[in-house]
Amino acid sequence: MAINRINAPGIFTRGVVQLYQDMIAPAPFFTSLAAEDATNAKDVHIGTRRFDEEPAVDIALGNSDGHRNQFARSTSHLYRPPEYLENFDVTELETYDRVFGGGQNPDADALRDLIRDSAEKAAVLENKIARATERQWAGVMQTGIVVLKNNDAIDFRRKAASIVDPGAGGYWDGATPGILAQLNTACQFIRNEGKSKAPEFYAIMGSSAVSAFLNNAEIKNSGDKVLIQRMKLEMPTELMVGTVYHGSIAADNYTVHVLTYPENYDTRDAAGAVTRNEYIEPKNVVVIPTKGFAFTTKYAGLPALFNFPGMTTPMPGRVAEKIRVWSRTTPDMRSHLTYVNSRPLACPVSIDQIYTIKALA
């Protein structure tokens, strides 16, 4: 069945967007922990929570305006998220000429093949943006800083006490580093400074850190106690997106679930050489509560054209969307480009519910 050439471009664009949305892979681990919020503004508002735990003060009955509270410790800032704009040339696809290469109305089957081919390519580009967003979260979890390619940096100002290097004698490959004490300190910080009510925590360990953890005598000697169970390490099993569960261990009053995150991303230098990078630095351990945290990926507005009544020329504006996919023909009429556009920023509202340990020198 043939399709009118005038209608084919619109059918193509709608079809690519709809099919592409069905192809999007699940969000990576850290991104999957965060809520999502989109605005049509260029900048996003970020408030980080830091509260005390004071009880209310009683007042004299009928003779007071009450106790006035101030919330100056909750910091609020406007940030301009980075923009990711990926594209590919549809005219380079083998299926393109079957649809738009001749002067006749295109065949419906050929158009369907082009839509699927283009949607697959758009999904690949969306996955690139998803990896960039996960890199942002990995930076927040380990340093509190989102570092961008143009050397800009967004610093969420984590407290120094939440990023710990135990130094000589405290590294996990030593004889008596006090691993359980370090994990207990991490949980206490999140409880006391982050005001977390969670009794259980995740310790996401880098590849070298988990090896030191499993081989340390303190950990080995914590198991195999008759009728006393303060540790249960198991065969590695998949837990959440991309993570591996190794078991649980008690750190004083807290239960710590040991995870690894053996996922990585590639970077390419100016010469074209590719380097594989782990999201969690091999020597690092990130501790977060299992619930109750407030992490949000915020999306700034994306450019769009609007048709207003009485105006013949569309006016530029912004829309509140996480991801926007669109196509256009270049002015020289040589290329038909499909774009995938997004402006995400990892926003750790519960900034003090993240704790990082450098487990090895």
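The values are calculated or read from the model by the stated rules, or taken from the named source; none is laboratory data. This one's a predicted model, so the numbers in the text were calculated from it and none came from an experiment. As a convention, Cβ positions derive from the backbone with ideal geometry for all residues, glycine included, and neighbour counts pool all protein chains shown. Surface accessibility is based on the protein's heavy atoms, side chains included, excluding ligands, DNA and RNA. Shrake-Rupley method; radii C 1.70, N 1.55, O 1.52, S 1.80 Å.
Seen from Thr176, the other residues with C-beta closer than 15 Å to its C-beta sum to a net charge of -1, counting Lys and Arg as +1 and Asp and Glu as -1.
For the pair Arg131 and Glu193, label points projected 7 Å from Cα toward Cβ lie 3.3 nm apart. In this simple spin-label model, placing a label point 7 Å from the Cα along the Cα-to-Cβ direction at both Leu61 and Ala273 gives a separation of 8.0 nm. Considering all different alpha carbon pairs of region 118-174, the Kirkwood hydrodynamic radius works out to 14.0 Å.
Under the simplified labelling scheme, the Ala250-Ala304 pair shows an inter-label distance of 5.5 nm, with each label point 7 Å from Cα along Cα→Cβ.
Taking the solvent-accessible surface of protein heavy atoms with a 1.4 Å probe, what is the per residue accessible area of region 196-265 in Å²?
On the way: 3720 Å² over 70 residues.
For region 196-265, the per-residue accessible area is 53 Å².
On region 92-241, 50 percent of the accessible area sits on carbon and sulfur atoms, based on a 1.4 Å probe.
Using only alpha carbons, region 213-361 has a radius of gyration to Kirkwood radius ratio (Rg to Rh) of 1.17.
If you take the Cα centroid of region 26-40 and the Cα centroid of region 266-314, the two points sit 9 Å apart.
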